[in-house]
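Here is the structure we will look at.
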Amino acid sequence: MIEDKNQQRTDLSQLGEFGLIDHLAKHFEVTQQSTIKAIGDDAAVMEFGDNRVVVSTDFLVEGVHFDLSYMPLKHLGYKAVVVNLSDVYAMNAEATQITVSIAVSNRFPLEAIEELYAGIETACKIYNVDLVGGDTTSSTSGLIISVTAIGQVKKGDEVYRSGAKPNDLLVVSGDIGGAYLGLQVLEREKEVFKVNPNSQPDLDAYTYIIERQLKPEARKDIVKLLQELEVKPTSMIDISDGLSSEILHLCKASKVGCDLYEDKLPLDPQVISTSEEFNMDSTTIALSGGEDYELLMTISQEDFPKIKANPNLTVIGFITDQASGAHLVTRGDQKIALTAQGWNSFDKD
Ligand code: ADP
Ligand code: MG
């Protein structure tokens, strides 16, 4: 191999995932009139005639996103679909079709792939989407699944990450932190099992959080609820990476800041009890634990009366101007800068 000493080699870890996407994307110009929104949101938006179409795609890679020692293949198939539909709903759109591509090693028998597809089929039925294509190939290492989700939305009804305005309310659906803690419980049981394969775990105290990890749901119901309440969010994103990371994406895209209130974070009792058991701070988990697939949105203050009585929606803060930055206001009334890892406790105002 010829080595070019002058050739620059930049470590990808220097850029991070989002830095890498920004770096690669900046060279691409949009030339088609039908491209309404290209890279940078939960899904791309295209316009054909009077219809707007949204498209989103995601990978699930064995060893990176899932561990088959506790993830049943049926659940994996279900989850692979759901995490993609979540991005479609984050655009305030209706999901209509998916394609599924798999790379499989020959360590899997047919029956295993059938299990995977049984989960995919269940998700298609529950969310009312059609499987319309995909690709199948071999893999020399683990299992890789890529799903592309397609949806539709009436022109003007789509919601981007970029519409938040100062004084808007920051609202989250459901509760957060459960999926991450469910994973901690499963990892712990895996270690116990390695030492004692006859152990029978009693997971009754963790059913909700384990389900959040193994069988997440996308919030199709929230898109419908918002329609019924006649609320169009000013911006929206789904929570795949963790609340603080998603808030920062919204703030960056909308060129705003925000104040997020620690005491408003919606936490399930199992999240609180399990964080205590693991000696973890439930706020850190709510901010940094990912995979909840809830919707994070901003709504204008005028719409507050429409959502305030709804148990599915919690106001967790409000939008400020960009110069103010993004902060967590703690229970002790301290303002701490939000960072993608949760928050930087050394950076205090
Ligand atoms: P999400 O977490 O909602 O799935 P991502 O952070 O994966 O969103 O992606 C952010 C944006 O970057 C999306 O518009 C996505 O389509 C785009 N994107 C991600 N990876 C690539 C890539 N390799 N090439 C082009 N666009 C990409
Ligand atoms: Mg998303």
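Counting only DSSP beta bridges with both residues in the stretch 12-154, the antiparallel share comes to about 75 percent.
Ranking 88, 164, 280 by Cα position along the charge dipole of the chain, where only Lys, Arg, Asp and Glu carry charges on their C-beta atoms, puts 164 farthest toward the positive end. Could you work out [θ]222 nm for the chain from helices alone, using -39500 (n - 2.57) per DSSP H run of at least four and dividing by all its residues? Round to the nearest 500 deg cm²/dmol. Mean residue ellipticity at 222 nm (helix-derived): -10000 deg cm²/dmol. For the stretch 282-343 versus the stretch 125-189, the spacing of their alpha-carbon centroids is 19 Å. Note: the stretch 12-154, Cα convex hull, 131 Å³ per residue. For the chain, the square roots a ≥ b ≥ c of the C-alpha gyration tensor eigenvalues yield an a/c under 1.5, which makes the shape rounded. Shape analysis of the stretch 24-67 places it in the oblate category; the axes a ≥ b ≥ c from the Cα gyration tensor give an a/c of at least 1.5, with a/b not above b/c. Placing unit charges on each Cβ (+1 for Lys and Arg, -1 for Asp and Glu) gives the stretch 171-265 a dipole about its Cα centre, and among 234, 192, 214 the Cα reaching farthest toward its positive end belongs to 234. The dipole here belongs to the chain: it is taken about the Cα centre, uses +1 on the Cβ of Lys and Arg and -1 on the Cβ of Asp and Glu, and is about 500 debye. Taking the Kirkwood radius as Rh and the Cα radius of gyration as Rg, the stretch 252-347 has a ratio of Rg/Rh equal to 0.97. From least to most packed, judged by other beta carbons within 10 angstrom and beginning with the fewest, 132, 195, 223 follow the order 195, 132, 223.
For a test of the definition: using alpha carbon positions, the gyration tensor, and the 1.5 limit on a/c, classify the stretch 169-337 as rounded, prolate or oblate. Prolate, because a/c is 1.5 or more and a/b exceeds b/c. Which of the lysines could be linked to residue 79 by a straight reach, that is with a Cα gap under 19 Å, when you skip same-chain ones fewer than 8 residues away? Here the lysines satisfying the reach criterion relative to residue 79 are 125, 215, 220. Restricting the stretch 213-317 to trypsin sites (Lys or Arg not before Pro) that sit in a DSSP loop and have at most 12 other Cβ atoms within 10 Å of their own Cβ leaves 255, 308.
Between the exposed loop cleavage positions of the chain, defined as GluC sites (Glu not before Pro) in a non-H, G, I, E, B DSSP state with at most 16 neighbouring beta-carbon atoms within 10 angstrom, the longest gap is 30-229. Taking the Cα centre of the stretch 12-154 as reference, the dipole from Cβ charges on Lys and Arg (+1) and Asp and Glu (-1) amounts to some 40 debye.
Here residue 252 is the anchor, and the lysines within straight C-alpha reach of less than 23 Å, apart from those fewer than 8 places off in the same chain, are 26, 37, 165, 232, 264, 335, 348. The charge dipole of the stretch 192-349, taken about its Cα centre with unit charges on the Cβ of Lys, Arg, Asp and Glu (plus for the first two, minus for the last two), comes to roughly 340 debye.
We did not get these values from a lab; they are worked out from the coordinates using the rules stated. Predicted model, so just to flag it, every value in this text is computed and none were measured. So basically every Cβ, Gly included, is an ideal-geometry build from the backbone, and we count neighbours across all protein chains shown.
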